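The values are calculated or read from the model by the stated rules, or taken from the named source; none is laboratory data. The structure presented is a predicted model; accordingly, all values stated were derived computationally and were not measured. Neighbour counts run over all protein chains shown; Cβ positions are idealised from the backbone, glycine included.
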Ligand SMILES: Nc1ncnc2c1ncn2[C@@H]1O[C@H](COP(=O)(O)OP(=O)(O)O)[C@@H](O)[C@H]1O
Ligand SMILES: [Mg+2]
């Protein structure tokens, strides 16, 4: 047993989620959790770095330095909350911020300055978890299913864990130890972009704006015609595909659509694509446990339950004892444990890699 810190900043670009946990072969106990939102300027720059732009090597490096300082603030908050000293922590496992995800071209880029983070916090840092899986022919994503299996998959029952971040991914835990999982498509990313444009808000709290509108079936059908949804697993995606320009291209044929109705339709898109993926790969599951920020969107959860036809119970991971907004940071703490023990972090059945691989690169403090 040792202490590990996991730091996750996902495609929503909202901020850094951190967890400090005691982890061993049969245990994963959270001792502290923290969230550090990104200041608007950093968020805007990370958003801009999602696509080609001028002088991007320098801009990426400067953003990475800033990011590392936010990660270090999150580490400090976790140490303070748990009353732990830095030298009691075996490693900080940090995801970095995805600015490109192109497994089909053989790369993914999570920007970060792990050397600076090691310098700032005085703890070994493990970074760059996705590249090795891609080098082995995998998608490099999603990586959380192995952790979902370790933490939630030992019940002998068939369960689905649905992580609704910027992008959504599912883990199908069959109960007999085998796991499938993949990115189903957008989670919050399009809903966030739409409410930012029309109301200047970062997200649609509890889905109340969406609930004030009506789903537009014709627009939904056009959005669902995106070929990604019909691709077989393994597959992964990101802002590379689901960005505001993707939405605008599909909206062009609906110039009179009321903004609230579009929000309702985008919420339904996330629910429908998740439910379709669950029906196709996890139809016999007893329950779907939702984590990620989307778990706090009641409209979305109701739409998901309805889209599943009432056959599968929908709950949040709170029902399994882990707050939805902690699961992914905890998953990275667990991946840090796996690296430290030189155990595989990927599941070839999920990512499509040629085999199990130890994921990550070490920056000793
Ligand atoms: N109370 C809430 N109501 C609706 N949506 C929420 C709420 N809280 C968080 N979210 C959504 O969750 C997102 C953050 O989720 P998160 O799991 O951190 O995603 P990521 O891993 O992509 O950063 C926010 O951008 C927002 O869309
Ligand atoms: Mg986030």
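Determine whether the range 273-287 contains at least one residue that is within 30 Å of residue 32 (Cβ to Cβ), touching a strand residue (DSSP E or B) at 6+ places or on another chain (Cβ under 7 Å) and part of a helix (DSSP H, G or I).
So in the range 273-287, the residues within 30 Å of residue 32 (Cβ to Cβ) come out as 287.
Now restrict to residues that are touching a strand residue (DSSP E or B) at 6+ places or on another chain (Cβ under 7 Å): 287.
With part of a helix (DSSP H, G or I) added as a condition, the list becomes none.
Scanning the range 273-287, I find no residue that is within 30 Å of residue 32 (Cβ to Cβ), touching a strand residue (DSSP E or B) at 6+ places or on another chain (Cβ under 7 Å) and part of a helix (DSSP H, G or I), so the answer is no.
Checking the structure you have, find out if any residue of the range 214-232 is crowded, with 18+ Cβ neighbours inside 10 Å and within 16 Å of ligand 1 (Cβ to nearest atom).
no
Give 271, 307 a once-over and let me know the one that is surrounded by fewer than 22 Cβ atoms within 10 Å (Cβ to Cβ), modelled with pLDDT of 95 or more and closer than 22 Å to residue 233 by Cβ. So that I can check it myself, show each step before the final result.
Details: 271 fails: surrounded by fewer than 22 Cβ atoms within 10 Å (Cβ to Cβ).
That would be 307, the only listed residue that is surrounded by fewer than 22 Cβ atoms within 10 Å (Cβ to Cβ), modelled with pLDDT of 95 or more and closer than 22 Å to residue 233 by Cβ.
Residue pairs, Cβ under 7 Å, 6 or more apart or interchain, first in the range 330-358 and farther than 17 Å from residue 10 by Cβ, second modelled with pLDDT under 95. List them.
349/178
If the requirement is being at positive phi, in contact (Cβ under 8 Å) with a residue 24 or more places away in the chain and loosely packed, with under 14 Cβ neighbours inside 10 Å, which of these qualifies: 185, 177, 156? Walk me through how you get there before you give the answer.
On the way: 185 fails: loosely packed, with under 14 Cβ neighbours inside 10 Å; 156 fails: in contact (Cβ under 8 Å) with a residue 24 or more places away in the chain.
Sole residue among the options that is at positive phi, in contact (Cβ under 8 Å) with a residue 24 or more places away in the chain and loosely packed, with under 14 Cβ neighbours inside 10 Å: 177.
Among the strands (runs of 3 or more DSSP E) lying completely within the range 1-106, list those that include at least 1 residues that are within 16 Å of ligand 1 (Cβ to nearest atom), more than 24 Å from residue 122 (Cβ to Cβ) and modelled with pLDDT of 95 or more. Before you say what the answer is, go through the steps one by one.
Details: elements: 2-8, 15-24, 27-37, 89-94, 97-102.
Of the strands (runs of 3 or more DSSP E) lying wholly inside the range 1-106, those with at least 1 residues that are within 16 Å of ligand 1 (Cβ to nearest atom), more than 24 Å from residue 122 (Cβ to Cβ) and modelled with pLDDT of 95 or more span 27-37, 97-102.
Please count how many residues of the range 160-174 are more than 18 Å from residue 297 (Cβ to Cβ), more than 15 Å from the chain's Cα centre (by Cα) and buried (at least 24 other Cβ atoms within 10 Å of the Cβ).
Of the residues in the range 160-174, the ones more than 18 Å from residue 297 (Cβ to Cβ) are 171-174.
Pick out the ones that are also more than 15 Å from the chain's Cα centre (by Cα) and you get 172-174.
Of the ones still in play, those that are also buried (at least 24 other Cβ atoms within 10 Å of the Cβ) are 172-173.
Summing the residues that are more than 18 Å from residue 297 (Cβ to Cβ), more than 15 Å from the chain's Cα centre (by Cα) and buried (at least 24 other Cβ atoms within 10 Å of the Cβ) in the range 160-174 gives 2.
So which residues in the range 157-214 are more than 30 Å from residue 347 (Cα to Cα), out of contact with any helix residue (DSSP H, G or I) (no Cβ under 8 Å at 6 or more places or on another chain) and away from ligand 2 (no atom under 16 Å from the Cβ)?
If the condition is that a residue be more than 30 Å from residue 347 (Cα to Cα), out of contact with any helix residue (DSSP H, G or I) (no Cβ under 8 Å at 6 or more places or on another chain) and away from ligand 2 (no atom under 16 Å from the Cβ), then 200 is the only one that fits.
So, in the range 278-300, exactly how many residues are over 13 Å from residue 161 (Cβ atoms), surrounded by fewer than 22 Cβ atoms within 10 Å (Cβ to Cβ) and more than 16 Å from ligand 2 (Cβ to nearest atom)?
Of the residues in that region, 5 qualify.
From the set of residues in the range 104-153 that are free of Cβ contacts under 8 Å to residues at least 40 places away in the same chain and under 16 Å from the mean Cα position of the chain (by Cα), which is surrounded by the most Cβ atoms within 10 Å (Cβ to Cβ)?
Here the residue is 108.
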